[in-house]
Amino acid sequence: MKGLKEGATALEYDLDDAYFGAINGSEVSRGNVHVSLSIRKTNGFFELLFHTEGTVIVPCDRCLDDMEQPLAADNRLTVKLGAEYNEDDDWVIIDENEGILDLSWFIYEFIALAIPIQHVHEPGKCNAAMIEALEEHSAARSSDADDQQSIDPRWEALSKLRAKSEE
């Protein structure tokens, strides 16, 4: 970072399974992601603008099979030179004597944060055997006989307490 000239610098990264394997993060272990990075240096500060686009492989929340999850994100990070390394929200201070910042973990975090909370296959694309097993054990498919079973006494006691508190 320290060796960059005033003004803007553009960098491009193509990340594949080797990158995700080397980073060893728990959220994503495979994918193909393109990162465009623009670095603007002014008066000892560096503004880093990341544009991330591609697909990652994550487990489907419904059937647990791997699925491709498209993602796109824009992130910003501000870096300045200082006495020692420190991270605080969107600010990173790097040692002015070294002037080096490893961006690999920051990029990984930006990718992980761009993944939607829920990721499921398109309708009809889930593992059919898993969906069948899920439906067999689902409360929605319970038989009428199951519905007529008595309520767990602990829940019944809680219902009584709730009814009393509403009076």
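The values are calculated or read from the model by the stated rules, or taken from the named source; none is laboratory data. Just so you know, these numbers come straight off a predicted model, no measurement behind them. So basically every Cβ, Gly included, is an ideal-geometry build from the backbone, and we count neighbours across all protein chains shown. Accessible surface is based on the protein model in full, side chains and every heavy atom, while ligands, DNA and RNA are left aside. Shrake-Rupley method; radii C 1.70, N 1.55, O 1.52, S 1.80 Å.
Observations, loosely collected:
- Answer from 120, 92 - the residue that is touching a Lys or Arg at 6+ places or on another chain (Cβ under 6 Å) and either modelled with pLDDT of 85 or more or farther than 21 Å from residue 24 by Cβ (or both): 120
- Filter result (among the aromatic types (Phe, Trp, Tyr) and open to solvent by 60 Å² or more (accessible area, probe 1.4 Å)) within the stretch 1-25: 13
- Scanning the stretch 85-107 for residues that are within 15 Å of residue 37 (Cβ to Cβ) and open to solvent by 100 Å² or more (accessible area, probe 1.4 Å) yields 102, 105.
- Complete set of residues in the stretch 38-84 that are in a loop (DSSP other than H, G, I, E, B), loosely packed, with under 15 Cβ neighbours inside 10 Å, at negative phi and in contact with a helix residue (DSSP H, G or I) (Cβ under 8 Å, 6 or more places away or on another chain): 65
- Answer from 35, 28 - the residue that is open to solvent by less than 30 Å² (accessible area, probe 1.4 Å), under 17 Å from residue 109 (Cβ atoms), of a type in the set (A, V, I, L, M, F, W, C) and modelled with pLDDT of 95 or more: 35
- Residues in the stretch 19-65 that are small (Gly, Ala, Ser) and closer than 30 Å to residue 6 by Cα: 36, 38, 44.
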